[in-house]
Structure formats: structure tokens, C-alpha cells
Amino acid sequence: MDLDLLPLGWVHSVACLVALAAGAYVFGTRKGTLRHRQVGWAYLGSMVVLNVTALGVYRLGTFFFPHYLAIGCLVLIALGWGAGRLIRRHGGWRYVHLSAMILSYYVLIGGGVNEVFLRVDALRPILTREGPQLVGMTHGVVMLVFLILLLGWNAVEIARIVVRRRRRAAVAA
């Protein structure tokens, strides 16, 4: 395993690990609780750190695709944070918050896929043989999983609202 990193790379890597753990916790537990908000702040902070430090990591010596993804991810987490702040006043922001956070976690996992292929020595012979097809197929599977999550969680939220409205209408009648 190639872990020859500069100090900026180590800060970036630790922030990635914190974001992976915090994001998994937030996605897997009940929403809207105090713990959700606390761990969500840890996710937000680690994502800001990892994406800002990503802008300073230059493996190829040039600003390229991963740097643009870091900028896009910063926009997503800003949008998700802003929507999270508005949920209490305007419930419709729940979908924006949920979608932005799922997409930001997708960018994090996608970056992790790239790093695994770059850093794990055992994968290098496979990568040399199979080339970009293997990386592309792996990203395709990750993308499919996150698309299912995105559509599924939003569908569940919409179903909850429909059920609540029907109950209110039945009680009112």
C-alpha cells in the first residue's frame, strides 16, 4: 500500500475517514434527532476540510478533474447545510437537504474508489490488465447504489407526507 503522503495529504485522509464514519452514521440512524445534528456537524466539518485540502493535493502537478469534484462537493454540502437550516420553517427543503447530502457522500465514496485503485498495490496488476474498464464498472455500481438511495429515500419521504395528509383529512372529516 502506497501511503507516501505529505502533511496536507494526511489531513485530507483523516478528514475522509471522519466523513466516511459520520456520513454512514447519519444515513443509517433516525433523522432530526439531536445526535443526527451533532454527527451531521462532524460530517459537514470533515467534508469542508477534506474538500479544501483536496484543492491543494496535486498528484499529477496540475489542477484536474478531482479538483472540480471537490468544488462541486463544497457546493453540495453548502446547499445541504442551508436546506437543513430551513427544514424547520419550510418542510419542502427536506428533499434538497437529503439529496445534497446523498450526492456529497457519493462524491466521497467515488473518490475513495479512485484512491483504492491508486494506492492498493495488489490491485495494480489487475488495473494494468483491465485498465479503465474496471474502474468504470466499479464507479457504475457505486453510482447505481447511490441512485437507488437517492430515489428510495425521497420516495419514502413523499410517502410519509401523503400518509400524514390522508390521516389529517380523515380526522378532519
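A count restricted to segment 144-161 and to residues that are open to solvent by 60 Å² or more (accessible area, probe 1.4 Å) and either in contact with a Gly (Cβ under 8 Å, 6 or more places away or on another chain) or of a type in the set (Val, Ile, Thr) (or both) stands at 4. Filtered by the rule that a residue be open to solvent by 70 Å² or more (accessible area, probe 1.4 Å), among the aromatic types (Phe, Trp, Tyr) and either at pLDDT below 95 or within 15 Å of VAL52 (Cβ to Cβ) (or both), segment 1-31 gives a lone residue, TRP10. Selection of segment 35-84 for residues being polar (S, T, N, Q) and open to solvent by 30 Å² or more (accessible area, probe 1.4 Å) yields GLN38, THR62. The set of residues from segment 41-77 being in contact with a Gly (Cβ under 7 Å, 6 or more places away or on another chain) and either polar (S, T, N, Q) or modelled with pLDDT of 95 or more (or both) comprises just one member, TYR43. Which ones in segment 117-147 are in contact with a Leu (Cβ under 7 Å, 6 or more places away or on another chain) and either at pLDDT 80 or above or over 26 Å from SER46 (Cβ atoms) (or both)? Across segment 117-147, the qualifying residues are ILE126, LEU127, LEU134. With respect to (1) closer than 28 Å to ALA54 by Cβ; (2) out of contact with any helix residue (DSSP H, G or I) (no Cβ under 7 Å at 6 or more places or on another chain), the lone exception for LEU134 is condition (2).
The values are calculated or read from the model by the stated rules, or taken from the named source; none is laboratory data. Because the structure is a prediction, the values reported are computed rather than measured. Don't worry about glycine lacking a Cβ; one is built from the backbone with ideal geometry, like all the others, and counts go over all protein chains shown. For the accessible areas, the whole protein counts, side chains as well, though only heavy atoms, and no ligand, DNA or RNA atoms are used. Shrake-Rupley method; radii C 1.70, N 1.55, O 1.52, S 1.80 Å.
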